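Beneath this line is the structure, given in structure tokens, with notes to follow.
FYI, it's all coordinate maths here, none of it is from the lab. For clarity, every value in this text was computed on a predicted model and none was experimentally measured. FYI the Cβ positions are ideal-geometry reconstructions off the backbone, even for glycines, and counts take in every protein chain you see.
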Amino acid sequence: MSEPSFLPEDDQDFLRRKAIKHRLVSEMVGMEVRRGVIFPEFEVPGNLCSRQNGQLVAGGTAALLVLIPKGYAKTRLDSWYVQPGLFLPGGGLVDRAGSETDLFNGRWQFWSRHLADSEWRPDIDGLETYIQYIREGLRNP
């Protein structure tokens, strides 16, 4: 028997309706549970590159991780992680995306991006809104 989803029904409906491949993950960090959603085939725009066999390759796909904070969807989503790391076409680091961290048995590049209070409508916005924000953040890093 599978664990019930920790996502609000609106997010579950959105992911089903759009047939978006995803995986819910959780891990213990001290006495707290960290939860996230991994999108294993998130489209990367051509203005960003990943390293494949020592070469920079534009576009393609990457795994995307969005952490789901306690209190979500009243609490807004914040920042995201990609695997493998993404770079500018010349191989340079993207502003506020240079660090890596270990989460859910993997090494993830952290993209530090923060919505202002006015950009998140509690109990209205969700993954659908946030994925649009991420796509825009990747197009215009």
Cα lying deepest toward the dipole's positive end in the chain, options Trp120, Asn140, Val33, charges on Cβ = Asn140
Have a look at Gln12, Gln52, Gln83 and tell me which one the Gaussian network model of the chain (Cα, springs below 10 Å) gives the largest fluctuation.
-> Gln52
Rounded to the nearest 500, what is the chain's calculated 222 nm mean residue ellipticity when only DSSP H runs of at least 4 contribute -39500 (n - 2.57) each, over all residues?
-> -4500 deg cm²/dmol
Taking Phe14, Phe39 and counting other beta carbon atoms within 10 angstrom, the fewest-first order is Phe14, Phe39
